[in-house]
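For reference, the structure is listed below as structure tokens.
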Protein chains: 2
Amino acid sequence: MQFSVLVETRLRDGVADPEGATIERSLPALGFEGVSGVRVGKAFRFTIEADDQASARAEVEDMCKRFLTNPVIEDATITVAPAGGEG
Amino acid sequence: MQFSVLVETRLRDGVADPEGATIERSLPALGFEGVSGVRVGKAFRFTIEADDQASARAEVEDMCKRFLTNPVIEDATITVAPAGGEG
């Protein structure tokens with residue numbers, strides 16, 4: 001069975017985010033006011049083959065720890081859903 | 001009123017994604033099988049000050065078009081929610 005996965009990583013609180021800071025500084029010059037706390041992370045989307053949703057999630061959590069994120073400075077949010085019109 | 005915003009960008013279908021392709025090629029060597037269609041995008045999180053949810057969303061959509069994404073090659077998914085324990 002196939003599952004669609006979204007892994008969204010973000011830097012942990014307290015870790016400097018120069019990209020986010022640059023965006024935040026630039027927005028007022030473009031006329032966008034009232035934006036604060038900009039943090040930039042990554043979004044990985046993929047399809048995984050697994051027996052059920054629980055084992056898909058377990059495999060993705062393991063992938064996150066070992067490969068996709070740096071757990072020292074990053075948090076990951078994992079979303080697993082059965083793949084719709086695929087397979 | 002403050003709103004928490006998540007903007008998740010991804011490359012459009014058909015646009016080459018070398019980072020995703022590299023991840024996909026690397027996973028079997030680490031023991032992760034059955035993963036396909038890896039696409040890597042960005043996730044922007046920030047807080048925005050606006051009168052209501054509709055105007056917050058409109059401002060974020062405008063920001064996406066003008067600044068955060070390249071609409072020629074990227075799609076963006078916008079999530080706006082009232083900021084929880086803030087402000």
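The values are calculated or read from the model by the stated rules, or taken from the named source; none is laboratory data. What you see is a predicted model, and the numbers here were worked out from it, not measured in a lab. Virtual Cβ from ideal backbone geometry, glycine too; neighbours counted across all protein chains shown. Quick note on the areas: whole protein, heavy atoms, side chains included, nothing else; ligands and nucleic acids left out. Shrake-Rupley method; radii C 1.70, N 1.55, O 1.52, S 1.80 Å.
Points worth noting:
- Filter result for residue A:19 (within 8 Å of chain B (Cβ to nearest Cβ) and within 27 Å of residue B:13 (Cα to Cα)): no
- Wholly enclosed strands (runs of 3 or more DSSP E) of chain A bearing at least 1 residues open to solvent by 40 Å² or more (accessible area, probe 1.4 Å), closer than 22 Å to residue B:4 by Cα and among the aliphatic types (A, V, I, L, M): A:74-82
- Count - residues of region A:36-87 that are among the β-branched types (Val, Ile, Thr) and in contact with a helix residue (DSSP H, G or I) (Cβ under 8 Å, 6 or more places away or on another chain): 5
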